[in-house]
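Read through the structure below, which is laid out as structure tokens, and then see the notes.
The values are calculated or read from the model by the stated rules, or taken from the named source; none is laboratory data. Bear in mind the structure is a predicted one, so any value in this text is a computation, not a measurement. Counting neighbours? That spans all protein chains shown, and the Cβs are built from the backbone with ideal geometry, glycine included. Please note that ligands, DNA and RNA were not included when accessible areas were found on the heavy atoms of the full protein model with its side chains. Shrake-Rupley method; radii C 1.70, N 1.55, O 1.52, S 1.80 Å.
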Amino acid sequence: METGKMNRLKVIKTVEFGVYLDGGEGREILLPARYVPDGCREGDETEVFIYHDNEGRLIATTLRPLATVGEFQWMQVKDVCAAGAFLEWGLMKDLLVPLREQKTPMKPGRRYLVYVYLDLVTKRIVASARIDRFLDNVPPRYERNQEVDLIVAESTDLGYKVIINHQHWGLVYHNETFHELEKGEKRKGYIKEVREDDRIDVSLYPLGYEKVDGIARRVLQTLRQNGGFLSLHDRSDAGEIYSLLACSKKSFKKALGALYRQQLIMLEKEGIRLVDREQAAGPEDASGR
């Protein structure tokens with residue numbers, strides 16, 4: 001059993017006010033009746049989140065909080081007091097950000113990026129807005145084009161700072177996004193480069209030819225929907241390309257090259273045209289399958 005995380009625990013006792021779960025090492029953890037799944041009996045296993053109630057006792061819930069221990073998340077301040085700020089966490093109990101863990105005094109109603117962790121002294125789950133000390137603490141061992149999870153943290157002059165896999169800072173350049181990213185937005189990304197100083201460049205799209213087939217199929221489908229012609233070419237504005245095909249200009253040009261080599265399209269001065277609608281009738285044609 002891990003406090004502050006989702007656990008799959010066995011029901012060992014049923015009582016009027018809920019069930020007790022096996023927390024290991026002789027610990028029994030209450031799952032209150034309002035969270036007990038229908039038909040749950042002794043011997044069954046259920047997935048629960050383990051945290052401390054207001055009395056400091058370990059308790060279980062089937063609710064999933066906005067973030068578990070070891071994760072970053074944007075959360076809204078519900079209230080502030082002398083001890084710190086309390087965040088809306090998705091549970092009946094709010095999450096405390098102690099005063100010492102606030103970069104600036106937090107204000108009710110505002111959202112902040114925080115890290116959730118288990119305090120080693122109090123053994124309670126708390127959050128910190130001093131997020132830098134929880135990032136880049138292990139060497140970045142990523143492969144080029146590796147898929148990763150991203151959380152958008154903030155916008156800079158160069159691009160968007162993102163948190164990679166809850167472990168490292170990364171950067172998505174403005175000229176590679178094609179639309180505005182929102183703080184707190186979660187999405188998949190792809191490692192472009194880990195620099196010698198361990199700074200990491202990230203793309204929102206797979207790199208190289210790995211994705212040409214998918215975009216090429218999208219181009220064919222869009223051509224069919226538009227009567228076999230699109231007024232797009234290699235000199236078209238990147239924003240126009242993205243609005244129609246949801247891909248970068250570089251990827252669009254690679255897809256055109258792949259389709260042209262397969263003689264599925266003609267490259268005209270004003271755009272691209274299907275060579276043979278029957279030949280391009282199915283989305284699988286672009287990949288040769």
Would you calculate, for the chain, the mean residue ellipticity at 222 nm contributed by helices, counting each DSSP H stretch of 4 or more residues as -39,500 (n - 2.57) and dividing by all residues, to the nearest 500?
-3500 deg cm²/dmol
Between Asp119 and Glu147, Cβ-based FRET efficiency (R0 25 Å, step 0.05) works out to 0.15
Taking 0.36 nm per residue of separation between Lys269 and Glu16 and subtracting their Cα-Cα distance, the length gained on full extension comes to 83.4 nm
Between helix 249-261 and the chain: long-axis angle, C-alpha atoms, 0 to 90°, nearest 10:
50 degrees
Whole-percent carbon and sulfur contribution to the accessible surface of the chain (1.4 Å, no ligands, DNA or RNA) stands at 46 percent
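Share of antiparallel DSSP beta bridges in the chain, in percent to the nearest 5?
Of the beta bridges lying entirely in the chain, close to 95 percent run antiparallel.
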Options (i) -0.31, -0.60, -1.28; (ii) -0.27, -0.54, -1.25; (iii) -0.43, -0.74, -1.14 - which one matches log10 I(q)/I(0) by the Debye sum over Cα atoms at q = 0.07, 0.10, 0.16 Å⁻¹ as calculated here
(iii)
Between Glu240 and His166, what is the spin-label point distance in nm, taking each point 7 Å from the Cα along the Cα→C-beta axis?
4.4 nm
So which lysines can Lys250 reach, going by Cα to Cα under 20 Å and dropping same-chain residues fewer than 8 places off?
Lys188, Lys192, Lys211, Lys269
Report the residues of segment 24-59 in range of a label on Arg8: point 7 Å along Cα→C-beta, backbone N strictly under 11 Å from it.
45-48
Dipole moment magnitude, nearest 20 debye, the chain about Cα centre, only Lys, Arg, Asp, Glu C-beta charged
400 debye
Cut-off 10 angstrom, C-alpha nodes, Gaussian network model of the chain. Which of Arg199, Arg64, Arg141 fluctuates the most?
Arg141
Please state the Cα pair-distance histogram of segment 45-87 with 10 angstrom bins from zero: what percent is in each bin?
22, 46, 29, 3, 0
